[in-house]
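The values are calculated or read from the model by the stated rules, or taken from the named source; none is laboratory data. Just so we're clear, the structure is a prediction, and the values are computed from it rather than from any experiment. We place every Cβ from the backbone using ideal geometry, glycine too, and count neighbours over all the protein chains shown.
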Amino acid sequence: MSQMLESKISAFCQSRGITWKFIPPRAPHQGGLWEAGVKSVKNLSKVLNESHFTYEELCTLLYQIEAILNSRPIVQQSDDSKDYQALCPGHFMIGRELTAIAEPLYGDLKESTLSRYQLIQRRKQAFWRRWSAEYVTELQKRGKWFKEPTLLRDGLLVVLKEDNMSPQTWKLGRIV
């Protein structure tokens, strides 16, 4: 990016009270959680498995994956030890958390026996399994890039890694 463009963006943002941080190209480790979100969507191609969907089927799958990505917990809503609610991107979009109806698992069934709807749900479940496992791991700050470790303290709301959770379901706990 040119210096002139950078200075124009900085001036635009400063006049509106926006703090803007530039990161160098090809340095996603400096981008933080927003880069992790970009990486998550890039992994979608690994789940699609060369599937051939109609436009409507692909839109359905992408909407469901969007809901999964926007259901992730960001921060605890309160310090109350009995409150297990976390703020998620869905709260900013629709005013509440994004939820989904639990579907049967289609991972063990042959694809040739599935209906088109079940095939879409299978791809959604595959994305969820892969992404949720990777996302929880991404939440751990790495000492190489960060100087201060996350301080664990009593009452902190944490995401628990648990296998076989249905999409958009997050197991949360409090440190005691």
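Tally the residues that are more than 22 Å from the chain's Cα centre (by Cα) and part of a loop (DSSP other than H, G, I, E, B), restricting the search to segment 107-122.
So the count comes out to 5.
Check whether at least one residue in segment 85-100 is closer than 16 Å to Trp170 by Cβ and more than 16 Å from the chain's Cα centre (by Cα), and report yes or no. It would help to see each step written out before you state the result.
First pass over segment 85-100, keeping only residues closer than 16 Å to Trp170 by Cβ: 85-91, 96-100.
Subset that is more than 16 Å from the chain's Cα centre (by Cα): 85, 96.
Yes, because at least one residue in segment 85-100 is closer than 16 Å to Trp170 by Cβ and more than 16 Å from the chain's Cα centre (by Cα).
Exactly one condition in (1) of a type outside the set (S, T, N, Q); (2) part of a loop (DSSP other than H, G, I, E, B); (3) at pLDDT below 75 is false for Val38; which is it?
(2)
Please go through segment 56-90 and give me each residue that is crowded, with 18+ Cβ neighbours inside 10 Å and part of a loop (DSSP other than H, G, I, E, B), ordered by number.
Asn70, Ser71, Arg72, Pro73, Cys88
Please enumerate the residues belonging to segment 34-83 that are under 20 Å from Val158 (Cβ atoms) and more than 19 Å from the chain's Cα centre (by Cα).
Those that are under 20 Å from Val158 (Cβ atoms) and more than 19 Å from the chain's Cα centre (by Cα): Ser78, Asp79, Asp80, Ser81, Lys82, Asp83.
Within segment 41-50, take every residue that is closer than 22 Å to Ile74 by Cβ and surrounded by 10 or more Cβ atoms within 10 Å (Cβ to Cβ) and give me the one that is modelled with the highest pLDDT. Steps first, please.
Start the filter on segment 41-50 by keeping residues that are closer than 22 Å to Ile74 by Cβ, which leaves 41-44.
Still in the list and also surrounded by 10 or more Cβ atoms within 10 Å (Cβ to Cβ): 41, 43-44.
Numbers: Val41: 72, Asn43: 71, Leu44: 75.
Among residues in segment 41-50 that are closer than 22 Å to Ile74 by Cβ and surrounded by 10 or more Cβ atoms within 10 Å (Cβ to Cβ), the one modelled with the highest pLDDT is Leu44.
Could you tell me whether any residue of segment 91-98 is at pLDDT below 90, under 23 Å from Phe53 (Cβ atoms) and exposed (fewer than 11 other Cβ atoms within 10 Å of the Cβ)?
No, that holds for no residue.
Mind telling me which of the residues Phe53, Phe12 ends up being surrounded by 11 or more Cβ atoms within 10 Å (Cβ to Cβ), assigned to a helix (DSSP H, G or I) and either at pLDDT 75 or above or among the hydroxyl-bearing types (Ser, Thr, Tyr) (or both)?
Values: Phe53 fails: assigned to a helix (DSSP H, G or I).
Among Phe53, Phe12, only Phe12 is surrounded by 11 or more Cβ atoms within 10 Å (Cβ to Cβ), assigned to a helix (DSSP H, G or I) and either at pLDDT 75 or above or among the hydroxyl-bearing types (Ser, Thr, Tyr) (or both).
Name the single residue that is modelled with the highest pLDDT among those in segment 15-34 being within 30 Å of Thr137 (Cα to Cα) and among the charged types (D, E, K, R).
Once the filter is applied, the top-ranked residue is Lys21.
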